[in-house]
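In what follows, a single structure is set out as structure tokens and then discussed.
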Amino acid sequence: MLSADIIAGSFTGAIAALAAGLSFRQVPVVALAIGLGWPVLAYVCGLYALDDLRSWASGIGDAPRLAVTSLLVSWPIFGLLTALDASAPVVGALSAAVITGAGAGIGRAAARVGLHRSPALRERTLILGSGTVALQLVQRLQRHYELGLDPVGFIDDDVHEPGRLGIPRLGTLDSLQDLITFGRVDRVMIAFTRASHEDLLHAIRVCRDAGVTVDIVPRLFEFLEGARTIEQVGGMPLLSISQPTFSPLSRFSKRTLDVVGATIAILILSPLLALIAVAIKLDSKGPVLFTQQRSGRGGRFFKLYKFRSMKVDSTVLVREDGAIVKARDDDRVTRVGRIIRRFSLDEAPQLLNVLFGDMSLVGPRPLVLAEHAALSEAWQSRRADLRPGLTGPWQVSGRSHIPFQDMIKFDYQYVAGWSLARDIEILLATLPAVISGRGAY
């Protein structure tokens, strides 16, 4: 991160000096000043606090602090440019603010990519528990390689189904001390167990005394989207789950984000979209666009637009639970279809659905009729309180790798804990998810 920041700061300093009208002899002075000053300011603003998993895995959560730091750096740059008698110090300072933020963000993302591939920095993770929640945790750790956590085994006194987790059992809770002592564990995750309260407290104390990080999957975790920590009540910490307010102002803000974002995206992507349309037409017989009825806000149906990625007259296959059947080696998919699906470009025409008001940039997944008909529980209908989205929590969490029922839970959690800030966070996380191609086929 430090290297990325020094490079970004030095490059920014050179650009800012030229934009401000300084001579080439003065460029190294500004480049050196910002190259050394930017990391200091980034440290002060907490951009090197990478202890939590979200900051380690992705820089999306750091975006607000990165933006604030970029604005703060413009003031000392303005002072430096003024002291050097620059002809346009304001232009230089504003240029530096924009370029530094963007450059540091890109550089930090590149640094993370390299770090995630380093075996030495990955953590051997022990799961404490053996039930359904432990299985879900193992699957998600294996799916999200960027977290740097490798589940090496589990311990539990009362194993639910031996072999179910797909990782070896390393003993009972009494084995925890030895596993840590002999260096086989870097991190412990507690994911529901029948062990007693006292045994779990002892396990946590063992980990903390040994300096091993402990993560605990909380009870009722399915409903904790949007939860916030409040002050202790009589020494007991509480999580408060606030009720989202879909006020007229909230809906206006979300709709404004949709219209502005979709318009900008269409303008930027228009050459690429035209190229895709031509490629589809040349690759196989049939229309460029594929339309399909999907379930929208309030359970109303609308016509969804996509680039055609399959051969004409291909049928949509669904399982008993209503989920669409997708496979990597599907002979119904065209050559161009495989490429545009890989980067989710087949979804781009849905920007028109966003402008028409049928969809939102961020929201629950738009369900096909069979999936909509498979929703049998009352709580599942809550996902229709908001317009379906072009992207959403299901998109950034693995797309086709996410089981249908888990996707429905993600949608419910998103709606139950909705906020505009959460929408922006998902939008920022979508691009890395799309580029990675995880779960896209």
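Data table
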item	result
Percent accessible area from carbon and sulfur atoms, the chain, protein chains only, probe 1.4 Å	63
At R0 = 56 Å, FRET efficiency that the Cβ-Cβ distance of Glu377 and Tyr145 yields, to 0.05	0.95
Over region 149-209: Rg over Rh, Cα atoms, Kirkwood Rh	0.92
Full-stretch length increase - Arg169, Val27 - with 0.36 nm per residue and alpha-carbon distance subtracted	45.1 nm
R0 of 56 Å, Cβ-Cβ distance Tyr48-Val312: FRET efficiency to nearest 0.05	0.55
Out-of-range pairs (alpha-carbon distance over 22 Å; input Lys311/Lys409; Lys281/Lys311; Lys285/Lys306)	Lys311/Lys409
Largest-first ordering by accessible area, 1.4 Å probe, given options Leu126, Leu257	Leu257, Leu126
Solvent-accessible area per residue for the chain (1.4 angstrom probe, square angstrom)	52
Quotient of C-alpha Rg and 2.2 N^0.38 Å, computed over the chain	1.13
Stretch gain in nm, segment Arg219-Ser247, where the contour uses 0.36 nm per residue and the Cα spacing is subtracted	7.1 nm
The chain, helix-only ellipticity at 222 nm - DSSP H runs n ≥ 4, -39,500 (n - 2.57), divided by all residues, nearest 500	-15500 deg cm²/dmol
Segment Leu36-Ser270, extension gain: residue separation times 0.36 nm, minus the distance between their alpha carbons	80.2 nm
Simple Cβ-charge dipole of the chain, Lys/Arg +1 and Asp/Glu -1, about Cα centre, in debye nearest 20	1580
Computed over the chain: relative contact order in percent, which uses C-alpha pairs under 8 Å that are six or more apart	11
Percent breakdown of C-alpha pair distances by 10 Å bin, ordered from the shortest bin, for region 330-432	14, 45, 34, 7, 0
Spin-label pair Lys303/Leu428, simplified geometry with 7 Å Cα→Cβ offset, distance in nm	3.8
Under Karplus coefficients 6.51, -1.76 and 1.60, residue-wise ³J(HN,Hα) of region 104-113 in Hz, glycine/proline x	5, x, 5, x, 5, 5, 5, 5, 4, 4
Zone of Arg184's modelled label, taken as backbone nitrogen in region 128-165 under 20 Å from a point 7 Å along Cα→Cβ	128-131, 135, 138, 149-165
Efficiency of FRET from Cβ geometry, Gln136 and Ile339, R₀ 22 Å, rounded to 0.05	0.10
Rounded to 5, percent antiparallel among DSSP beta bridges of the chain	45
Per-residue SASA entry for Ser253, accessible area with 1.4 Å probe, Å² rounded to 10	40
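The values are calculated or read from the model by the stated rules, or taken from the named source; none is laboratory data. Note that this is a predicted model, so its numbers are computed, not measured. In this analysis, Cβ positions are derived from the backbone assuming ideal geometry, glycine residues included, and neighbour counts consider all displayed protein chains. Quick note on the areas: whole protein, heavy atoms, side chains included, nothing else; ligands and nucleic acids left out. Shrake-Rupley method; radii C 1.70, N 1.55, O 1.52, S 1.80 Å.
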